[in-house]
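To start, the structure under review is shown below, and the notes come after it.
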Amino acid sequence: MSTMSSIAPYDYDVAVIGAGPAGMTAAIRTRWVKSYKAVPCSTVIFDKAGLGGLAKWRSCMLTGPSFHLMGADVVGRFRKDIEDLEIPLIPSRVIKLEMDGAIKIIHTDAGETIRTLAVIIATGLRSLCNEQDYLKQIAITYMGYEFFEELLNNFFSMEGRQTALIVGNEFTRNLVDLIEACNRGRHTVIYLIDSNAAEAPFPAAAGSVLQGKIIRYEGQGALEGVRVLLKGGEERFIPCKKVLLDYNSYELSPLYDFDSAALKKDARGFIEVDREMKTSLPGVYAAGDVTGLYATVGRSIGDGIVAGFSAYKHLFKLKFNCEPCLFAYAAQDVKITPGFKDLPRPEKNLRPKLLVSAENAARIAAEYGVKRKGIEAFLNSCAGIKTITEHLADKSLEENELFDFIEFLLTKKAVALHL
């Protein structure tokens with residue numbers, strides 16, 4: 001029997017916030033746990049910029065001394081898994097997280113409200129919007145510190161007098177002298193300071209300084225300006241031809257679009273996690289750059305896998321009151337006897353939720369080989385709302401038939417079991 005009494009229906013088992021390498025691998029590992037029998041989680045991803053995060057950019061890659069894989073190539077593999085597994089992506093920014101209690105409530109800038117049992121935060125150092133459309137006009141601080149002078153000289157090599165936007169946080173103050181030296185007064189410089197700090201002091205000599213965040217880049221073919229949301233709530237369009245994103249500053253202190261005060265963080269503002277990527281709040285996990293360790297594609301992928309397994313383990317124990325069988329990934333000291341089953345028989349208070357399209361559901365039903373109206377009726381009402389008891393009350397399938405079909409759906413990774 002599950003450790004939680006039946007609760008009101010919720011939307012997904014797991015919400016992953018952020019779709020970079022950490023978020024994508026976390027989502028995949030909750031939805032596709034292993035190749036053999038497992039109970040998939042219903043999983044949703046939130047990211048305004050779509051799948052890939054910074055790994056889609058030219059500067060990100062998975063490297064070793066003798067090889068490099070471009071980030072976009074790595075992301076392409078994960079994207080295929082997400083599409084094949086039909087994991088939904090909500091292209092919105094999460095602006096509020098209610099993390100207390102068994103149900104976590106997520107609010108987005110588009111007005112959506114989603115209820116989940118677990119959350120994996122994989123937002124990276126800062127959230128993205130549509131930067132991918134204007135990468136030729138966007139520069140970022142990367143490589144070694146001595147490279148910054150060359151970077152800024154190239155950045156300011158524009159003809160005529162232009163407006164250049166520098167985006168960072170309070171630590172961008174470390175670049176002000178170098179920016180002025182490289183610009184030499186040729187262009188108008190505006191600093192957009194996007195910080196979690198209540199006050200983000202900045203050198204008075206820096207010139208025009210605004211507090212706020214970019215919500216959209218605009219321009220026909222080339223960048224013409226950015227639309228920003230200022231700290232007081234005003235929305236403003238800033239005409240500019242080039243933008244410098246000071247990622248070095250966010251490596252010193254990340255940015256959150258939602259109130260993260262309930263989460264324990266280190267002195268720099270990164271989310272503290274244990275070896276299983278658990279945060280200080282039950283059912284909340286974090287992975288990737290937002291945890292403050294080395295910012296690499298390889299580590300983010302590994303963090304996402306661990307966070308996904310940990311969230312899966314948490315949810316499995318809530319639903320079945322036992323440890324999941326994660327053979328090969330996490331061995332168990334368990335006696336194997338004849339007739340041993342990896343999956344326990346589902347309790348009747350669980351609520352089946354179909355995870356595939358109607359077309360794929362029909363294909364799976366045909367593969368099952370039993371042509372019954374009861375099968376079709378069950379699939380049509382398998383939305384994570386009705387319990388197994390309520391499905392049995394419909395009299396469309398006998399109890400053994402229903403449980404056999406649910407087990408078949410589980411082997412096809414086509415159904416989740418909600419509390």
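The values are calculated or read from the model by the stated rules, or taken from the named source; none is laboratory data. Quantities reported herein were computed from a predicted structural model and do not represent experimental measurements. Please note: Cβ atoms are built from the backbone with ideal geometry, for glycine as well, and neighbour counts cover all protein chains shown.
Determine, yes or no, whether L223 is in a loop (DSSP other than H, G, I, E, B), aliphatic (A, V, I, L, M) and closer than 19 Å to K48 by Cβ. Answer is yes for this residue. Of all the numbered requirements in (1) in contact with a Lys or Arg (Cβ under 7 Å, 6 or more places away or on another chain); (2) buried (at least 17 other Cβ atoms within 10 Å of the Cβ); (3) over 25 Å from L343 (Cα atoms), L293 misses one, and that requirement is (2). Checking each residue of segment 274-296 against the condition of being of a type in the set (K, R), over 25 Å from G168 (Cβ atoms) and part of a loop (DSSP other than H, G, I, E, B) gives at least one match.
Checking segment 332-342 against the condition returns no match, with no residue being surrounded by 12 or more Cβ atoms within 10 Å (Cβ to Cβ) and over 24 Å from V33 (Cβ atoms).
Do the conditions hold for A362, that is, is it outside any loop (DSSP other than H, G, I, E, B) and under 32 Å from the mean Cα position of the chain (by Cα)?
Working: outside any loop (DSSP other than H, G, I, E, B): yes; under 32 Å from the mean Cα position of the chain (by Cα): yes.
Criteria met by A362.
Could you check, for segment 352-367, whether at least one of its residues is closer than 30 Å to K278 by Cα, in contact (Cβ under 8 Å) with a residue 24 or more places away in the chain and basic (K, R)? Looking for residues that are closer than 30 Å to K278 by Cα, in contact (Cβ under 8 Å) with a residue 24 or more places away in the chain and basic (K, R), one finds at least one in segment 352-367, hence yes. Being under 22 Å from D257 (Cβ atoms) and touching a residue at least 40 places away in the same chain (Cβ under 8 Å): is that true of I95 here? In short, yes.
Which residue is surrounded by the fewest Cβ atoms within 10 Å (Cβ to Cβ), if the candidates are limited to segment 5-40 and must be among the basic types (K, R) and in a helix (DSSP H, G or I)? Steps first, please.
In the first step, residues of segment 5-40 are kept if they are among the basic types (K, R); the result is 29, 31, 34, 37.
Checking which are in a helix (DSSP H, G or I) leaves us with 29, 31.
Working: R29: 25, R31: 27.
Per the stated criteria, the residue is R29.
Residue-level analysis places L315 among those that are among the aliphatic types (A, V, I, L, M) and either buried (at least 18 other Cβ atoms within 10 Å of the Cβ) or in contact with a His (Cβ under 8 Å, 6 or more places away or on another chain) (or both).
Taking the criterion of being surrounded by fewer than 17 Cβ atoms within 10 Å (Cβ to Cβ) and in contact (Cβ under 8 Å) with a residue 12 or more places away in the chain, the only residue of segment 71-80 that qualifies is A72.
Of these, K341, K335, K348, which one is more than 30 Å from the chain's Cα centre (by Cα), within 19 Å of P40 (Cα to Cα), assigned to a loop (DSSP other than H, G, I, E, B) and without any contact (Cβ under 8 Å) to a residue 12 or more places away in the chain?
On the way: K335 fails: within 19 Å of P40 (Cα to Cα); K348 fails: without any contact (Cβ under 8 Å) to a residue 12 or more places away in the chain.
Step by step, each of K341, K335, K348 is checked, and only K341 is more than 30 Å from the chain's Cα centre (by Cα), within 19 Å of P40 (Cα to Cα), assigned to a loop (DSSP other than H, G, I, E, B) and without any contact (Cβ under 8 Å) to a residue 12 or more places away in the chain.
Restricted to segment 176-231, and to residues there that are within 18 Å of Y247 (Cα to Cα) and acidic (D, E), the residue that is modelled with the highest pLDDT is D177. Tell me whether segment 277-290 contains one or more residues that are of a type outside the set (G, A, S), touching a strand residue (DSSP E or B) at 6+ places or on another chain (Cβ under 9 Å), modelled with pLDDT of 95 or more and under 30 Å from I179 (Cβ atoms). Yes: segment 277-290 contains one or more residues that are of a type outside the set (G, A, S), touching a strand residue (DSSP E or B) at 6+ places or on another chain (Cβ under 9 Å), modelled with pLDDT of 95 or more and under 30 Å from I179 (Cβ atoms).
You will find that of R268, R236, the residue that is among the basic types (K, R), at pLDDT 95 or above and either more than 19 Å from the chain's Cα centre (by Cα) or not in a strand (DSSP E or B) (or both) is R236 and no other. I105 fulfils the conditions (1) crowded, with 16+ Cβ neighbours inside 10 Å; (2) closer than 24 Å to Y142 by Cα; (3) without any contact (Cβ under 8 Å) to a residue 40 or more places away in the chain except for a single criterion, (2).
For E83, the conditions (1) in contact with a helix residue (DSSP H, G or I) (Cβ under 8 Å, 6 or more places away or on another chain); (2) assigned by TED's automatic domain parsing to the domain that holds R29; (3) part of a helix (DSSP H, G or I) are fulfilled apart from (1). State which residue is surrounded by the fewest Cβ atoms within 10 Å (Cβ to Cβ) when the search covers only segment 146-161 and only residues that are among the aromatic types (F, W, Y) and touching a residue at least 12 places away in the same chain (Cβ under 8 Å). Among residues in segment 146-161 that are among the aromatic types (F, W, Y) and touching a residue at least 12 places away in the same chain (Cβ under 8 Å), the one surrounded by the fewest Cβ atoms within 10 Å (Cβ to Cβ) is F156. Scanning segment 252-265 for residues that are within 24 Å of A27 (Cα to Cα) and not in a strand (DSSP E or B) yields P254, L255, Y256, D257, F258, D259, S260, A262, L263, K264.
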